[in-house]
Amino acid sequence: MIRITDAIALDDADLEERFVRASGPGGQNVNKVATAVELRFNLRASSLPSHVKERLVVLAGKRMTADGVLIIDSREHRTQAQNRDAAHARLVALVKRAAIRPKLRRPTRPKAAAREKR
């Protein structure tokens, strides 16, 4: 269970981790060890509130599949554990951003002085 806020938590059953070989620095270690992490979060099956799900789909953009799975790829570190932590941190940050309700804009009328100035 990953805590996002007091009211929102992600269930571990909705997360799936896959380890793949990463490119970049690491020398011969790159060719032998699968250190990159592909974190898959099943949004449709999750227990998130519907308004958070809707904003998360918009924020995720191309990272969201047609099946409703959010894919976060982390390959910036040389170890599996660091990449796993980085992927989890990115997921938590994304869900926190989606949990914030946008401010409602109230349309206002221009003041008399502004109308006169025009």
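The values are calculated or read from the model by the stated rules, or taken from the named source; none is laboratory data. All values derive from a computational prediction rather than experimental measurement. Cβ atoms come from the backbone with ideal geometry, glycine included; neighbour counts cover every protein chain shown. Calculation scope for accessible area: heavy atoms of the full protein, side chains included, ligands and nucleic acids excluded. Shrake-Rupley method; radii C 1.70, N 1.55, O 1.52, S 1.80 Å.
Within the range 32-53, restricting attention to residues that are outside any helix (DSSP H, G or I) and aliphatic (A, V, I, L, M), the residue that is nearest to Leu15 (Cα to Cα) is Leu39. When the criteria are applied in full, Thr79 meets the requirement of being over 22 Å from Ser47 (Cα atoms), in contact (Cβ under 8 Å) with a residue 40 or more places away in the chain and among the hydroxyl-bearing types (Ser, Thr, Tyr). The number of residues in the range 88-118 being assigned to a helix (DSSP H, G or I), farther than 16 Å from Leu59 by Cα and open to solvent by less than 100 Å² (accessible area, probe 1.4 Å) comes to 4. Comparison of Asp73, Asp85 shows that the only residue that is open to solvent by 50 Å² or more (accessible area, probe 1.4 Å) and not in a helix (DSSP H, G or I) is Asp73.
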